[in-house]
1. If I compute solvent accessible area with a 1.4 Å probe over the protein chains, what percent of it on region 28-289 is carbon and sulfur?
2. Taking R0 as 30 Å, what FRET efficiency do you get between K183 and D130 from their Cβ-Cβ distance, rounded to the nearest 0.05?
3. Just tell me which lysines come within less than 17 Å, Cα to Cα, of K45; anything on the same chain fewer than 8 places away is out.
4. So for the pair D200, K234, with labels modelled 7 Å out along Cα→Cβ, what separation do we get in nm?
5. Please list 3J(HN,Hα) in residue order for region 139-151, calculated via the Karplus relation 6.51 cos²θ - 1.76 cosθ + 1.60 where θ = phi - 60°; whole Hz, with x for glycine and proline.
6. Residues of region 186-211 with backbone nitrogen within less than 15 Å of a virtual label 7 Å along the Cα-to-Cβ line of N157, please, listed as ranges.
7. 5 Å is the cut-off here: which amide hydrogens, built 1.01 Å from N in the peptide plane, fall below it relative to D238, excluding neighbours closer than 5 in sequence?
8. Explain nothing, just the number: dipole magnitude of region 28-289 about its Cα centre with +1 on each Lys and Arg Cβ and -1 on each Asp and Glu Cβ, in debye rounded to the nearest 20.
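The values are calculated or read from the model by the stated rules, or taken from the named source; none is laboratory data. Every value quoted in this text rests on a predicted model; they were computed, and no experiment measured them. Cβ coordinates were reconstructed from backbone atoms using ideal geometry, including for glycine residues, and neighbour counts include every protein chain displayed. The accessibility values were calculated without ligands, DNA or RNA, using every heavy atom of the protein model including side chains. Shrake-Rupley method; radii C 1.70, N 1.55, O 1.52, S 1.80 Å.
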Amino acid sequence: MKKIVICLFAIPLTWACEKEKVNNTDSLNISGIKTGNKTEIVHVKLKSGDIESSEIDCYVFGSTLFDPGTSGFGYVDCNSNFKLVNPQTGELITDFSLPGLLSQTVIDPVENVLIGQYFENNSNFVVKLDLTNGEIKAKNSVDLGEGILACTYFYKNDEKEYVLLTADSTLKFINVNNGSISKSIKVESIINNAIFDKTDSQLIGFTYSAETDKNYIEIIDIETGALTSKVEIKERNDYYGCVSGFDKETNCYILVNSQNKILFIDIESGKTKDSYTLDFEIKEFKFWRSI
C-alpha cells in the first residue's frame, strides 16, 4: 500500500544524480532542514551536489519559508523568534521576537512583512510583522473551525490574501489587516503536499488511491475548488509528507520518496523527468532557482 511518510529523523549525507537532467540544472537549489544528533539548515546545489550546512537550535514545524528578496531561508525557533538565514553561508540576515510560535508562515515581498498564524488563549490569531524589525502591523483573531491542515497554505500577493486549508476541506481566504474571511472555497479533493502555482491560480499536490493502489498528481482550481487534472505518477513510491515543491520552468512537481530521492515529476504525464539522491531526510525544503 502506498502511504505518506512523515519525516522524523535524518542520517549522514552523500550524493548521487540519476536520469536525464532537466534544462538549466545549474540554477536549481534546495534549502531545508536536517535533523539527527543536531538540527541544521542544509543547502544543496542540485547539479554540482555542493552542500552547505549551518547548525540551529530547533524550529517550529510549518514555519519555514524562502525569501526571494534576500535568498534567505526563514524559520521560527522554539523560543518564538523568527530567524532569516543565508542558507549557503549560515549568516544571520534578520532576527526578531514574535508574539507566539508562528507557523504556516509566508512573506509579502512588496510590503516586506512576515505573515503567520498561532494559537493563544483558546483562539487562532493571524499576525503581520515588519520583516526588518518585527514590529506588529496587524494582529487579529480568526475562526478556523476544527483546525487547519499543516502543510497547505499560501499567500496571494496581489490580492493580499492569506489562505489556509481547514479540516473540513475549505480554503479560507483571510484579510490579514482585519482578520476577515473574504471567501471560503470547498475543495473537491484533499491533496497532500500542496504547492500554490500563482501563475495559473491552482494548487498542485498528490493523492493515494487504495482502490487502485496508485499515486496521482492532482490539481485544484483555487477559485472554484474544482479538481481540474488527475494524472497517475508513473514511478511507484512512498513519499514524505510536507516535503514538496514546484518548478514552473520545467512544469515539474517535486517530491521526496522514502529512499530520499528528490523527484521532478511532469504534472502532465506523471513521468519522472529528473531525480537526485540524498542519504538523509530533508524536511520542509524550499526549491528555488538562482539567477
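1. Values: 4400 of 10390 Å².
It is 42 percent, rounded to a whole number.
2. Here the calculated transfer efficiency is 0.65.
3. Qualifying lysines at Cα under 17 Å: K19, K21, K34, K261, K283, K286.
4. 1.8 nm
5. 8, 9, 6, 9, 7, 10, x, 7, x, 10, 7, 5, 10
6. Only 196-201 pass the distance filter.
7. Counting only residues 5 or more places away or on other chains, the set is S258.
8. Working: 25 positive and 39 negative charges, 26 e Å.
Rounded to the nearest 20 debye, it is 120 debye.
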